[in-house]
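J.: What follows is a structure written as structure tokens; I'll ask about it next.
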Amino acid sequence: MPRAPEPKTLAELKEIVGSGGWLDTPADIAPLLTDHRRLYQGASPLVLLPRSASEVAAILAICNAREVAVVPQGGNTSYCGAATPDASGTQIVLAMRRMNRVRSIDAANYSMIAEAGVTLAGVQAAAREASRLFPLSLGSEGTAQIGGNLSTNAGGTAVLRFGMMRDLVFGLEVVLADGRVIPGLTSLRKDNTGYDIKSLFIGAEGTLGIITAASLKLFALPRDVVTALIGVPSVQRALDLLVRLRDAAGDQVTGFEIMPQRAVELCVEHIEGVANPLTQQAPWYVLAELSSPNAGQGLNDLLTAQLESAAGDGVVIDALIANSIAQAQAMWKLREGIAAAQTRHGQSLKHDISVPTTALPALIERGTKLAEKLVPDGEVISYGHLGDGNLHFNVSQRRGADAKAFLARKAVLEEAMFDLVGELGGSFSAEHGIGQLRAPQLAKRANAAELAVMHSIKKALDPNGILNPGKVLL
Ligand code: 2HG
Ligand code: ZN
């Protein structure tokens, strides 16, 4: 059980990082003590800003010996309170933002070594400068850091083609709870030397070790890209369209997002400069992207032909293919602005869930019925990464509804939704992680044998329980 740090410990920790390497005034540390969604308010006596793996190692060696809890934090964009300390005021925050160097890029090997505190946008830009693509892409990429993306196994809009963060890693540099360092920054596509240790730390949300740097996989830059906004009559038709496009273009289908009419309306209402460019209204909209590193792939013609034949078969109501990069960006803004639009609109109850794509129509239909029954003051805004079977099944507070009464329905809706997801063979946590928000659900719903293995791993790697306590495992 971690304890409150003594003044002597705080002084020693400050000494490790030196001047400019720590914060402790209430004003300075306030932004790090609450989460992006403002669900949690934490407290902390000290924020440390290490600059190297050896500083992190020295910090953890002391904290482990004195049984002081450490909460790692990247860009602080977690949807599950994964990076927020608890309210006890005893946990040290380890903010990774000064570990922000891209250490090296090997373009010929399609690899890059980046420190944990580089933003995702920074990693993407460094890859682009070397004529390479780092494909992970998500709304908060300007703020979110690669260490946090790794620790939460982030997803986003390119998973359909390139996989989640876990699939984009060759190796990791990790500091263990007792201060030992695993210097695993290999850039090998083939490496079968024993257990795959690095995988343990991906998605572990800093509960097993602190990721300080990563060797990342790069890809060829896309040279032919086509983006379209497509109105469809139903979720089933959107899935039919996805199958048609994949049959015709294979792996060149690199994005396939879905949003209901109401999400589009909210985004147009709340986000400046966003408009719906389609002339005909549709109950659902798909944002599809096809891309290829081969410039002469003719993707525009391919997509045009597919959309025409799909329209002829009643699969598509209306569609617009972007005729400029600016128009494609505007389409992405319409999709990526939904989360912010929902926040501006009022409170929302969020469910980041996944099912096999074929079960999506049933999930939406049955989930909507549940929400209408259990949260009469809410309206369902379910959107997300259709190609991955990942829905953000969110329920927004209706205008004028009482926020407190609306939020009081959270637990009952969650239970019903997660039961439904289980019945459909899905997951109650698709891409946002567990953090503190979903830790009780993991304890309740994980398979008993799997949960026991998770606890054994935690005990082996962090026997004193100092690493991000209260997150993932209870
Ligand atoms: C997205 O896909 C993000 O836009 C946020 O994952 C989802 O706000 C949400 O629920
Ligand atoms: Zn998402």
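J.: Non-local amide H neighbours of V316 (under 5 Å, H modeled in plane, Pro and chain starts lacking H): which ones?
T.: A311
J.: With all protein chains present and a 1.4 Å probe, how do S348, S140 order by accessible area, largest first?
T.: Details: S348 15, S140 40 Å².
Descending order: S140, S348.
J.: What do you get for trypsin sites (Lys or Arg not before Pro) in the range 393-474 restricted to DSSP loop and a cutoff of at most 12 other Cβ within 10 Å of the site's Cβ? Working shown, then result.
T.: Details: sites: R398, R399, K404, R409, K410, R438, K444, R445, K458, K459, K471; in loops: R398, R399, R409, R438, K471.
Counting only loop positions with at most 12 other Cβ atoms within 10 Å, the trypsin sites (Lys or Arg not before Pro) in the range 393-474 are R399.
J.: In a shell of Cβ-Cβ distance under 11 Å around I113, excluding I113 itself, what net charge do Lys and Arg (+1) and Asp and Glu (-1) give?
T.: Working: positive: R101, R103; negative: D106, E115, E173.
Its environment carries a net charge of -1.
J.: Still on this structure, please answer the following. With the full set of protein chains in place, find how many percent of the accessible area of the range 29-144 is carbon and sulfur; take the probe as 1.4 Å.
T.: Values: 2010 of 4110 Å².
Carbon and sulfur together cover 49 percent of it.
J.: Quickly work out the K459-to-R189 label distance, labels modelled 7 Å from Cα along the C-beta direction, and quote it in nm with one decimal.
T.: 4.1
J.: Can you list, bin by bin at 10 Å, the percent of alpha carbon pairs in the range 167-240, starting at 0?
T.: 16, 33, 17, 19, 15, 2
J.: Right, next: Over the range 190-234, with every protein chain in place, what whole percent of the accessible area is carbon and sulfur at 1.4 Å, could you tell me? The partial results should precede the final answer.
T.: On the way: 940 of 1790 Å².
For the range 190-234, the apolar C and S fraction of the accessible surface comes to 52 percent.
J.: So which DSSP H runs in the chain come out at 15 Å plus along the axis (Cα) with average Kyte-Doolittle of at least -1.0?
T.: Numbers: long enough: 7-17 (16 Å, 0.09); 53-66 (20 Å, 1.16); 235-249 (21 Å, 0.33); 299-312 (20 Å, 0.34); 325-336 (16 Å, -0.35); 360-374 (20 Å, 0.09); 410-423 (20 Å, 0.43); 448-461 (20 Å, 0.72).
TM-like helix candidates: 7-17, 53-66, 235-249, 299-312, 325-336, 360-374, 410-423, 448-461.
J.: Dividing the convex hull volume of the alpha carbon atoms of the range 244-363 by its residue count, what do you get in Å³ per residue? Write down the numbers at each step before the final one.
T.: Working: hull volume 16.1 nm³, N = 120.
Taking only Cα atoms, the range 244-363 has a hull volume of 134 Å³ per residue.
J.: Given the pairs K190/K444; K350/K373; K8/K444; K410/K471; K217/K444, which span a C-alpha to C-alpha distance of over 28 angstrom in this model? Before the final figure, lay out each step's value.
T.: Numbers: K190/K444 37 Å; K350/K373 17 Å; K8/K444 40 Å; K410/K471 20 Å; K217/K444 35 Å.
Those over the limit are K190/K444; K8/K444; K217/K444.
J.: Say R0 is 30 Å: what FRET efficiency, to the nearest 0.05, do K369 and Q281 get from their beta-carbon distance? Working shown, then result.
T.: Values: r = 24 Å, r/R0 = 0.78.
It comes out at approximately 0.80.
J.: Let me ask something else about it. Between A43 and R223, what's the calculated FRET efficiency when r is the beta-carbon distance and R0 is 45 Å? Round to 0.05. Show your work: numbers first, answer last.
T.: Details: r = 51 Å, r/R0 = 1.13.
Efficiency, rounded to the nearest 0.05: 0.35.
J.: Run the paramagnetic zone check for A4: 7 angstrom along Cα to Cβ, then residues of the range 83-121 with backbone nitrogen under 17 Å.
T.: Under 17 Å, as judged by backbone N against the label point of A4, lie 86-93 of the range 83-121.
J.: Along the principal axes of its C-alpha atoms, what lengths does the range 370-464 span, in descending order and rounded to whole Å?
T.: The Cα atoms of the range 370-464 stretch 51, 32, 20 Å along the principal axes, largest first.
J.: Grab the Cα-Cα distance for S199 and E67, subtract it from 0.36 nm times how many residues apart they are, and report the gain in nm with one decimal.
T.: On the way: separation 132, 0.36 × 132 = 47.52 nm, distance 2.59 nm.
Length gained, S199 through E67: 44.9 nm.
J.: With a point put 7 Å past each Cα toward its Cβ, work out how far N294 is from A311 in nm, to one decimal.
T.: Output for this residue pair reads 2.7 nm.
J.: What is the spread of the Cα atoms of the chain along each of their three principal axes, largest first, in whole Å?
T.: 73, 57, 44
J.: Per residue, how much accessible area does the chain show when a 1.4 Å probe rolls over the protein heavy atoms, in square angstrom? Don't skip to the answer; put the middle values down first.
T.: Values: 19660 Å² over 474 residues.
For the chain, the solvent-accessible area averages 41 Å² per residue.
J.: Let me ask something else. Please compute the modelled spin-label separation between T25 and A448, points set 7 Å along Cα→Cβ, answer in nm with one decimal.
T.: The modelled label-to-label distance comes out at 5.5 nm.
J.: Under 1.5 on a/c is rounded, so check that first for the range 154-198, then, if it is not, pick prolate when a/b is larger than b/c and oblate when it is not; a ≥ b ≥ c are the square roots of the alpha carbon gyration tensor eigenvalues.
T.: Details: a/c = 2.96, a/b = 1.66, b/c = 1.78.
It comes out oblate by the Cα gyration axes.
J.: Give the residue list of trypsin sites (Lys or Arg not before Pro) in the range 14-99 that are DSSP loop and have at most 13 other beta-carbon atoms within 10 angstrom. Provide the component values of the computation, followed by the final result.
T.: Numbers: sites: K14, R37, R38, R51, R66, R97, R98; in loops: R37, R38, R51, R97, R98.
Answer in residue order: R38.
J.: Rounded to a whole number, what is D in µm²/s for the range 90-193 from Stokes-Einstein with the Kirkwood radius over alpha-carbon pairs (20 °C, 1.002 mPa s)?
T.: Details: Rh = 14.5 Å.
Once the numbers are plugged in, D ends up at 147 µm²/s.
The values are calculated or read from the model by the stated rules, or taken from the named source; none is laboratory data. Just so it is clear, the structure is predicted and the values come from calculations on it, not from any experiment. With ideal geometry, Cβ positions are generated from the backbone for all residues, glycine too; neighbour counts draw on all protein chains shown. SASA here: full protein model, heavy atoms, side chains in, ligands and nucleic acids out. Shrake-Rupley method; radii C 1.70, N 1.55, O 1.52, S 1.80 Å.
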